[in-house]
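Student: For reference, the structure I am asking about is given below.
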Amino acid sequence: MRSLVAAVERIDPLTVSGRVAAVNGLLIEARGGLTRLAVGARAEIQRLADKPLPAEVVGFREARALLMPFGPVEGVAPGAEIRIEPLGSAVRPTKAWLGRIVDAFGEPIDGKGPLPQGLAAYPLRAPPPPAHARGRVGARLDVGVRAMNVFTTCCRGQRLGVFAGSGVGKSVLLSMLARQSDCDAVVVGLIGERGREVREFIEETLGEEGLKRAIVVVATSDEPALKRRQAAYMTLALAEFLRDQDLEVLCLMDSVTRFAMAQREIGLAAGEPPTTKGYTPTVFTELPKLLERAGPGPIRPDGTTAGPITGLFTVLVDGDDHNEPIADAVRGILDGHIVMERAIAERGRFPAINVLKSISRTMPGCHQPHEREIVQGARRALSAYTNMEELIRIGAYRTGSDPEVDRAIALNPALEAFLAQDKDESTSLDEAFGRLAGILGGDAA
């Protein structure tokens with residue numbers, strides 16, 4: 001009853017409207033009703049012989065409001081009426097949303113009928129919990145992927161970035177994490193994905209079992225920038241709802257780069273100055289606001305802590321340059337990074353993770369002493385082989401020149417086999433450490 005009363009109190013008794021003054025590309029200028037407007041306000045624009053076009057206020061220019069539409073601007077005429085909704089957008093999910101696929105507005109797109117609406121409204125652009133009012137990172141999370149379990153061990157409530165170029169296997173790795181991770185619920189945000197790949201990811205890569213405990217948010221690359229950006233906000237809002245139900249949530253987003261590109265389009269249309277590689281200042285303002293929403297749950301007034309949101313966000317590095325602006329900014333925000341390299345994928349080892357360039361900032365504190373020794377021994381062997389790899393390949397290295405390199409050469413086939421993993425294969429944390437200890441002890445089997 002309290003929720004219903006609060007909803008009634010939020011109803012604005014005034015109907016505010018404006019008119020279309022100009023359309024410049026994807027930007028619509030409106031006049032009238034400015035005293036009731038704010039950045040982020042939603043609006044509906046009447047169109048000729050078509051349903052109203054939803055839009056959002058992204059800025060102001062003198063006496064006009066600047067709006068960007070959530071769809072194509074065809075049919076918008078000069079003087080068309082704009083109905084303004086001052087309140088920001090929100091979503092009202094329930095646990096029945098698990099197993100469903102929704103768009104950036106929270107509307108079902110899987111053909112399974114309407115979704116039930118909950119009482120509590122979750123704003124799409126909620127602020128991250130205050131740093132002093134949230135718990136600490138929890139125990140280790142078993143993700144089922146050997147290379148990550150051992151070399152970039154992830155804790156509950158941690159946020160990791162997966163950095164890779166196109167076609168290196170990010171989506172397959174995400175599907176492995178969605179199906180195999182030891183968590184209660186999964187929220188997958190497919191931001192700017194190819195339309196052809198969405199159904200393949202859901203039906204084949206994620207599979208029926210993976211979808212049962214997941215909510216998938218989809219905004220394909222052909223949709224407007226505003227809708228792609230909102231899909232990212234929707235992904236975190238749904239994760240926050242599940243967190244508040246005391247569930248341990250795994251939030252997967254593919255990709256943060258396309259969220260940044262959408263924000264760049266919006267910023268440039270609103271008149272922001274371009275900076276590094278054309279990215280506008282708001283891109284680097286919005287990234288931490290989005291990514292910081294994942295993490296340990298907030299501490300409630302009664303002393304309990306909400307469930308954690310463990311976040312894994314992919315970053316599509318431009319031209320395989322891992323130091324480009326978005327990759328560099330995201331790496332500084334998150335609690336670790338996983339680097340996937342094209343050269344490893346080209347030689348047929350998947351997932352193509354370069355464990356020497358990957359790091360988890362909760363290590364080595366989350367490891368037992370004997371596990372630290374195992375990881376250090378494996379890293380030494382992999383590093384020694386990598387340093388001499390060119391000489392080994394051309395036959396210039398002579399056996400006996402360096403005992404450590406000799407041992408690395410002997411262990412390399414078994415270590416490569418350990419790092420390779422089929423997408424349907426799962427290995428627990430303890431099993432992964434036991435297998436790697438056997439390899440380093442001479443038992444390659």
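The values are calculated or read from the model by the stated rules, or taken from the named source; none is laboratory data. This one's a predicted model, so the numbers in the text were calculated from it and none came from an experiment. Here the Cβ is made from the backbone with ideal geometry for all residues, glycine too, and neighbour counts use every protein chain on show. All accessible areas refer to the heavy atoms of the entire protein, side chains included, with ligands and DNA or RNA removed. Shrake-Rupley method; radii C 1.70, N 1.55, O 1.52, S 1.80 Å.
Student: Six or more apart or on different chains, Cβ under 9 Å: which pairs go from a residue in region 65-77 that's closer than 23 Å to ALA231 by Cα to one that's of a type in the set (S, T, N, Q)? Could you list them?
Tutor: Between residues of region 65-77 that are closer than 23 Å to ALA231 by Cα and residues that are of a type in the set (S, T, N, Q), the close pairs are PHE70/GLN230.
Student: Does region 306-332 hold any residues that are open to solvent by 10 Å² or more (accessible area, probe 1.4 Å) and farther than 22 Å from ALA343 by Cα, and which are they?
Tutor: Hits for region 306-332 are PRO308, PRO325, ALA329, GLY332.
Student: Within region 225-242, can one find any residue that is in contact (Cβ under 8 Å) with a residue 24 or more places away in the chain and assigned to a loop (DSSP other than H, G, I, E, B)?
Tutor: No; the residues of region 225-242 include none that is in contact (Cβ under 8 Å) with a residue 24 or more places away in the chain and assigned to a loop (DSSP other than H, G, I, E, B).
Student: Then there's this: When only residues in region 37-49 that are in contact (Cβ under 8 Å) with a residue 24 or more places away in the chain and open to solvent by 80 Å² or more (accessible area, probe 1.4 Å) count, which is farthest from GLU81 (Cα to Cα)?
Tutor: ALA49
Student: Among the residues of region 110-140 satisfying the criterion of being over 20 Å from the mean Cα position of the chain (by Cα) and among the aliphatic types (A, V, I, L, M), which is modelled with the highest pLDDT?
Tutor: The qualifying residue modelled with the highest pLDDT is LEU115.
Student: Only one of these conditions is not met by THR305: (1) in contact (Cβ under 8 Å) with a residue 40 or more places away in the chain; (2) out of contact with any strand residue (DSSP E or B) (no Cβ under 8 Å at 6 or more places or on another chain). Which number is it?
Tutor: (2)
Student: How many residues does region 348-402 hold that are of a type in the set (A, V, I, L, M), more than 28 Å from the chain's Cα centre (by Cα) and closer than 26 Å to GLY144 by Cβ?
Tutor: Counting residues in region 348-402 that are of a type in the set (A, V, I, L, M), more than 28 Å from the chain's Cα centre (by Cα) and closer than 26 Å to GLY144 by Cβ gives 4.
Student: Could I ask something else about it? In region 352-368, which residues are open to solvent by 70 Å² or more (accessible area, probe 1.4 Å) and outside any loop (DSSP other than H, G, I, E, B)?
Tutor: Selection gives ILE359 alone.
Student: Which one of ARG349, ARG372 is in a helix (DSSP H, G or I) and surrounded by 13 or more Cβ atoms within 10 Å (Cβ to Cβ)?
Tutor: ARG372
Student: Here is a follow-up. Any idea which of THR310, THR314, THR282, THR257 is of a type in the set (Ser, Thr, Tyr) and either assigned to a loop (DSSP other than H, G, I, E, B) or free of Cβ contacts under 8 Å to residues at least 60 places away in the same chain (or both)?
Tutor: Exactly one of THR310, THR314, THR282, THR257 is of a type in the set (Ser, Thr, Tyr) and either assigned to a loop (DSSP other than H, G, I, E, B) or free of Cβ contacts under 8 Å to residues at least 60 places away in the same chain (or both), namely THR282.
Student: Still on this structure, please answer the following. Mind listing just one residue for me: the one in region 190-217 that is open to solvent by less than 10 Å² (accessible area, probe 1.4 Å) and not in a helix (DSSP H, G or I) and, of those, modelled with the lowest pLDDT?
Tutor: The residue in question is GLY192.
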